[in-house]
Every structure is written in structure tokens, then in C-alpha cells.
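The values are calculated or read from the model by the stated rules, or taken from the named source; none is laboratory data. Since the structure is predicted, the reported quantities are computational estimates derived from the model, not experimental observations. Quick reminder, even Gly has a Cβ in these numbers, built from the backbone with ideal geometry, and neighbours come from all protein chains shown.
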Amino acid sequence: MVVVNTTGDGRPGPAPAEPLPAALSEALSEALCAPVASVRLKAALRAGTDPDPRLVHSLVARCAVEPDFFVRDMLTWALCRMPVDVTVPRLLDELRGGGAQARSQALHTLSKIGDHRAWPAARAHLHDRDDDVARSAWRAAVALVPSGAEGALAADLAAGLGRGDSEMQRSLSRALIGLGESVLPVLDRAKASADARVRGHAAATEALYRDPDSAFAVSVEAAKRVAATGPEGT
């Protein structure tokens, strides 16, 4: 992973004063769509090494369709190097009209940029029907949540307890734990849910909060059994 140069407040450093020559900018845009992944990777690396705001549209558009994980990671890095006043509005547009991968990657990139203008959009996607979009929204919301809003976000996230498979549930648990102590009252309420899956997931999340090194898969299955039987069955 390439290290992002940031300013003192953690945001990506400013773009250079002189943009790339127009011919080179166009060539990089074309290379981002090359059939060979290594060519696309090098193009994304060059785009981030010499940030040119004219490339933001091409980078965001490629994020929506790029099949290679490492190329997507480099595209995100390149976007984080661009001026936030250009990149953030373009990513927010992608959230409003893009497909599932476009929305997921936009949320992921916004979480890395850390501009709090994206907070309302991240929260609006917490319960997206697409699992990857929802997971990206969980991470972005935790990264962008305003001070003092952690409890409200925890309650909103807790509405997804019990959703999906073990990996999906682990992702939500990690997001909830990232909110710190404000998550504990929310988990206490969830452990009294009428839904055994919600109770089990809440109990497993609390166990993971208490011991981050615990085996989540084991914890969630054990918690589900206890939640299903109730106190009278123990």
C-alpha cells in the first residue's frame, strides 16, 4: 500500500500548482481503462503521484467498474491525493446515482479522505440493500461521525444486528466497537430483542468489545444458542 502524504489535520496534501500537460492527462485517463491490470495500476499510481484535478472524473468512473482489488486500492489513494473540494462533491454525486460498486467505492474513499461533509451521505446508506455498500457505509459513518453523535449512530447501526452471514456480522460488530463506550447501552437493549439472531449478535459484539482478540465466529454461535434458549434454558 502506498503511503498518503497528508497535512497536519490528516487530510491529503494539496495538488501541485502546475497541472499535468493535457496530452499526459488524457493518456492516463485512457490507461485507466487498459485491459491489463498492471497498466491500470501504474496509471492510478502516476495519477496520485502527480495529482491533477482533471483526472478526478476518470478515477471515480473507473472505481465503479474496476474488478481488481489492488487497482481499486490505488484508485482510492490517487483520489485521496486530489483537492477535496473537487473530489468530495464528485464522490457524493456517485452515491446519488451510481451502481452498487460505485457507491461502495465512493463511501470507502470518503472514509479515507475524512471530510465531514460526507457524514450525512454515509449515514443515509447504513441500511443499503447491497451488503458491500452497507459495510462501506458502516465504516465511513464511524470515521466521519461528529463528536457527540456516537450514541445516535450506534443505535442506527444496531438496527442491522443479525443481518447477513458471519463476515457481515463481524463487519457490523467492528463498526459498533469503533464507537467506544457509547455502544454498550445500545447492545444492552439489543440483547433483550425478541429476535434470537439480534440477541446473539449483540452478545457476541459485546464479547468482542470486552476482548478484541476473541474468536468472533465462536462467540456469535455460542451467543445465539444462549439467546435462543433464554435464561430459563441455561
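A quick yes/no check of all residues on (1) crowded, with 21+ Cβ neighbours inside 10 Å; (2) at pLDDT below 95; (3) aliphatic (A, V, I, L, M); (4) assigned by TED's automatic domain parsing to the domain that holds R139:
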| position | (1), (2), (3), (4) |
| --- | --- |
| L172 | yes, no, yes, no |
| L184 | no, no, yes, no |
| A204 | yes, yes, yes, no |
| A207 | no, yes, yes, no |
| S214 | no, yes, no, no |
Checked against (1) crowded, with 17+ Cβ neighbours inside 10 Å; (2) more than 24 Å from H125 (Cβ to Cβ), R62 satisfies every condition except (2)
Among residues of segment 13-32 being at pLDDT 50 or above and under 24 Å from the mean Cα position of the chain (by Cα), the residue farthest from M74 (Cα to Cα) is G13
Matching residues, segment 52-73, being under 15 Å from the mean Cα position of the chain (by Cα) and part of a helix (DSSP H, G or I): C63, F69, R72, D73
